[in-house]
Amino acid sequence: MNLLPWLISLHLTATLTVADAAPPLCAPNVQAREPMACAALGPGHYTAQLAAARLPSELPDPPTQKLTRFDPLVEYAYARVTTLDAPLFASPDEAAAGIVKRTIGKGFLYVTLSGAVQLGDLALYQIRTGEYIRASDVKGVTPTAFQGVGVTGNPALPFGWLLTNVRPSRVPGETPSQTVPRLPRRKIVQIFATHKVGPWEWYLIGPDQWIEQRVIAKIETYAPPAGVSGKWVMVNLYEQTLTAYEDDQMIFATLVSSGLDKWPTRPGLFKIWARLLVDGMQGSYEPDGSDFYSLEAVPWVMYFDGSRALHGEYWHDRLGFKRSHGCVNLAPQDAHWLYNWAEKGTPVWVYDPSGQTPTDEEVAEGP
């Protein structure tokens, strides 16, 4: 008996049965008209998804408001030490005589400046320890003037700050035209739709304006952790943002800089256990001391997880990106606001939506 014709017939029948069980792939124009009759695959599905990502007929304003600014921005004048092992002097006269009390060391070193003294060609500053340093060994810094926003109601749509100057793309994943104007860094935008291309989400922020998720720090509403009520703070490690809540109502949002991957800010639910208007911070976690830092008069410090703290920073303007040894850096305006609002015992929920940050008790910690 020749079984070949029967086997061919059986194969064709099975193929038709499987094919009939699933909707067919459709051309984009067909899928746009009859999405239920088409498989959620292929270019037709992509086109249908894109067509569904539309702006509302009326663009709402985000529920944000400007906050009163504190003046002065900070209480001290700060400077970075630019000379390795810069000499320190007990008095201006000893500086003029070349009598060195000690050297300041090497590393990421910042000092406060006061009591400028001029002795002939020698310019000196007094620092917080009472010692004197040559003006030629330091460079003054201007703290960032960035400030977060008050939130007047839980946002219906996610919003966020652009982290860099960016040209939006006409469609997700497309290289933007060089004729499209750049949107400025730290502009607040709302997210009206989301579309994934490859590993990244793309956000619709305006008419034919798509940006990739890595260029925005997104704010969205979260419910309080179990057992938490009243005032509480959330730090989103993936987005590099901080939000403050009263019960389930968001009232404040801003950018932060948390721990670098080598020295991460540990996820978990904590409470503020100490509050200091200023505190000196220093340390090193590398065996060779190559990461040594010393920071005078760090402002508005709120310790919540061992020596990890929410605090103001004056040494960088890269909020929205990881930067620290484990602490949560805030702009001075925001640290001041948070210090005035939060209390000892206020819960701090540190959360990483990506799940990539370790929770090991032994990870390093510092500013």
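Give me K271, K262, K218 ranked fewest to most by other Cβ atoms within 10 Å of their Cβ, as a rough exposure proxy.
K262, K271, K218
³J(HN,Hα) across the stretch 295-308 via Karplus (A = 6.51, B = -1.76, C = 1.60, θ = phi - 60°), whole Hz, x for Gly/Pro?
Using θ = phi - 60°, the values come out as 10, 7, 6, 5, x, 6, 9, 10, 6, 10, 9, x, 8, 7 Hz.
Past the 28 Å Cα-Cα mark, which pairs from K101/K262; K106/K271; K66/K231?
K101/K262; K106/K271
Each residue of the stretch 197-205 in turn: what ³J(HN,Hα) in whole Hz from Karplus with 6.51, -1.76, 1.60 and θ = phi - 60°, glycine and Pro shown as x?
In residue order, the calculated couplings are 10, x, x, 10, 7, 10, 10, 8, 10 Hz.
Let me understand the stretch 296-367 better: what is its radius of gyration from the alpha carbons, and its Dmax, in angstrom?
Considering the stretch 296-367 through its Cα atoms, Rg and Dmax are 12.4, 34 Å.
Using θ = phi - 60° and the Karplus curve 6.51 cos²θ - 1.76 cosθ + 1.60, what whole-Hz ³J(HN,Hα) does each residue of the stretch 257-265 get, with Gly and Pro shown as x?
Computed from phi, the couplings for the stretch 257-265 are 10, 9, x, 5, 4, 6, 9, x, 6 Hz.
Using a 7 Å offset from the Cα along the Cα-to-Cβ direction at both A145 and L59, what is the distance between the two label points in nm, to one decimal?
Label at A145, label at L59, 2.6 nm between them.
Pull up all non-local amide H partners of T164: gap of 5 or more, or a different chain, and H-to-H distance under 5 Å with H placed in the peptide plane.
Residues meeting the criterion, in which the H sits 1.01 Å from N, are R186.
Compute the length gained on full extension between E174 and L119: take 0.36 nm times their separation in residues and subtract their Cα-Cα distance, giving the result in nm to one decimal.
13.6 nm
Just rank E75, E131, fewest to most, by other beta-carbon atoms within 10 angstrom.
If I rank by nearby Cβ atoms, fewest first, I get E75, E131.
Going by C-beta contacts inside 10 Å, put F159, F70, F146, F252 in order with the fewest on the left.
F70, F146, F252, F159
Under a 5 Å amide H to amide H cut-off, with H placed in plane at 1.01 Å, what residues pair with V197 once short-range neighbours are removed?
W202
Collect residues whose amide H, placed 1.01 Å from N in the peptide plane, falls under 5 Å from the amide H of D291; neighbours closer than 5 in sequence don't count.
Y285, E286
Is the stretch 222-351 best put as rounded, prolate or oblate by its Cα gyration tensor, with a ≥ b ≥ c the root eigenvalues, rounded for a/c under 1.5, and otherwise prolate when a/b is larger than b/c, oblate when not?
Here the stretch 222-351 falls in the prolate category.
Read-outs: derived from the displayed coordinates by stated rules, not from any lab. Source: prediction; values computed, not measured. All Cβ positions, glycine included, derive from the backbone under ideal geometry; neighbour counts span all protein chains shown.
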